[in-house]
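**Q** Below: one structure in structure tokens.
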Amino acid sequence: MNMKIGIIGCGVISNTYIRDIKRLYKDLEIVAVADVNLEAAKECAKKYEISQALSVDELLDIPEIEMVVNLTPPAFHTEVSLKALEAGKHIFCEKPLALTMEDGKKVLDLAESKGLKFACAPDSFMGSSLSTCRKVLEDGWIGKPMYAITNMLSGGVETWHPRPEPFYKKGGGPIYDMGGYYFTTLVSMFGPVSSVRAVGLKGFEKRNVYVGERAGESFDVDVLTTYSILVSFKSGFMANMNFSFDVFKTQMPMFEIYGTEGTLFVPDPNMHGGTPKIYRRQQGLAKCYGGVSDHEDDIYELPEMFQNVGEYVRGIGVHDLALAITEGREPVASGKLALHVLDIMTSVMKSAETGDVVELSTTILI
Ligand SMILES: NC(=O)c1ccc[n+]([C@@H]2O[C@H](COP(=O)([O-])OP(=O)(O)OC[C@H]3O[C@@H](n4cnc5c(N)ncnc54)[C@H](O)[C@@H]3O)[C@@H](O)[C@H]2O)c1
């Protein structure tokens, strides 16, 4: 398989995609990059020795480009994906798929009607650490999984991102930005979500820009920035999840799964590599049966059972989409999965606004 691809959106995350596609997937050739800001495209092309820096229309006019990687900010995902599909390109889109279910369905319907494939970030659930966690769960190491607690508690993006406003405007906030990593991971392990109930708040009315050319400026916050959520899965599994851009230090665990026979400590779902850990109930029970346990409180690191190509890595979903196109199958990070995750995200935000329990409208089994 050899495939020519184009990248639209030459901002912060394009650096990671281009670095890792060039490093890991030699059968993908990035023939052009495009951006509404042509200077950004030119700088990117020069930095990564890509031959063409173009406008979006010029890139979409290149017939050899089979797949487009949409790395624009979330508010532009639908517009750029629809345009690229109209031009006959398969798409890998950064998260979220769209801002509304209506737009998400529009994109997937157009892809289907044109016979084109659509995949969507996050793809970190395909990485080595989360694949290891799924294997450990499937093999019954913690018995029957019942419950998860996750905490994505951060102080926001403005200490490292030069353009932080979109994270605090319509289409921003911690659910659209970080929810996908946690929800996709749990759905990949425990199947579809049936309902959510959530509360939320806005920690600050204004935020500051700290890095880049506009350091020192401030802007209004338009969205909720802290959420506490209860999630029910169709299987009976449940999760208690917190997301915040208003927490500057925490000692809460990031991601734990509790089963009838133990606890699985899951690494950061935004990463591809990381060390899963486990505690098994039998460690504590030994003394109850007259035995001696020197390891009653020990938590054991598990070896990663899949190739670890680095911690913060992007591109595995792009490569899988190229293989899916060639093999005539659905990509693992499929549009249907992304639509279900978008359903979870929009339902969480609706629940926080209305105070109601929100039943999901989609189901996906992967
Ligand atoms: N920054 C990260 O660490 C990170 C990590 C994972 C995922 N993401 C996701 O990647 C996407 C991009 O994030 P980013 O941080 O790189 O943003 P960014 O603001 O740094 O870059 C976005 C780029 O897209 C360009 N752009 C905007 N509208 C466009 C349009 N209509 N057509 C073509 N180009 C357009 C902008 O000029 C800019 O160069 C988002 O969906 C984000 O959620 C970002």
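**Q** Can you name every residue in segment 297-345 that is farther than 17 Å from Y182 by Cα and β-branched (V, I, T)?
**A** Within segment 297-345, I299, V309, I316, V318, I325, T326 qualify.
**Q** Could you tell me whether segment 93-116 includes any residue that is more than 16 Å from the ligand (Cβ to nearest atom), buried (at least 21 other Cβ atoms within 10 Å of the Cβ) and not aliphatic (A, V, I, L, M)?
**A** No, segment 93-116 has no match at all.
**Q** Another question, if that's okay. With respect to S235, is the statement that it is of a type outside the set (V, I, T), within 28 Å of V332 (Cβ to Cβ) and not in a strand (DSSP E or B) true?
**A** Details: of a type outside the set (V, I, T): yes; within 28 Å of V332 (Cβ to Cβ): yes; not in a strand (DSSP E or B): yes.
Taking the combined requirement at face value, the residue satisfies it.
**Q** Just need a number here: residues in segment 312-357 that are under 22 Å from Y25 (Cα atoms), β-branched (V, I, T) and in contact with a Lys or Arg (Cβ under 7 Å, 6 or more places away or on another chain).
**A** The total comes to 1.
**Q** Same structure again: For segment 117-224, which fully contained strands (runs of 3 or more DSSP E) count at least 3 residues that are surrounded by 15 or more Cβ atoms within 10 Å (Cβ to Cβ)? Can you show your working first?
**A** Details: elements: 118-120, 145-153, 193-201, 206-208, 218-220.
The strands (runs of 3 or more DSSP E) meeting that bar are 118-120, 145-153, 193-201.
**Q** Considering only residues that are within 11 Å of the ligand (Cβ to nearest atom) and crowded, with 17+ Cβ neighbours inside 10 Å, look in segment 12-32 and name the one that is farthest from G315 (Cα to Cα). Reasoning before the result, please.
**A** Of segment 12-32, the ones within 11 Å of the ligand (Cβ to nearest atom) are 12-17.
Now narrow it down to the ones that are crowded, with 17+ Cβ neighbours inside 10 Å: 14, 17.
Values: S14: 10, Y17: 6 Å.
The extreme case among them is S14.
**Q** Of these, V313, V247, which one is part of a loop (DSSP other than H, G, I, E, B), within 16 Å of the ligand (Cβ to nearest atom), of a type in the set (A, V, I, L, M, F, W, C) and more than 17 Å from M189 (Cα to Cα)? Walk me through it before giving the result.
**A** Values: V247 fails: within 16 Å of the ligand (Cβ to nearest atom).
From the options V313, V247, the qualifying one is V313.
**Q** So which residues in segment 138-163 are more than 9 Å from the ligand (Cβ to nearest atom) and closer than 9 Å to V209 by Cα, if there are any at all?
**A** Step one: filter segment 138-163 for residues more than 9 Å from the ligand (Cβ to nearest atom), giving 138-156, 158-159.
Residues satisfying the conditions are E158, T159.
**Q** Inspect segment 259-269 for any residue being within 16 Å of the ligand (Cβ to nearest atom), assigned by TED's automatic domain parsing to the domain that holds E138, touching a residue at least 12 places away in the same chain (Cβ under 8 Å) and assigned to a loop (DSSP other than H, G, I, E, B) and give the result as yes or no.
**A** yes
The values are calculated or read from the model by the stated rules, or taken from the named source; none is laboratory data. Source: prediction; values computed, not measured. Note that each Cβ is placed from the backbone with ideal geometry, even for glycine, and that neighbours are counted across all protein chains shown.
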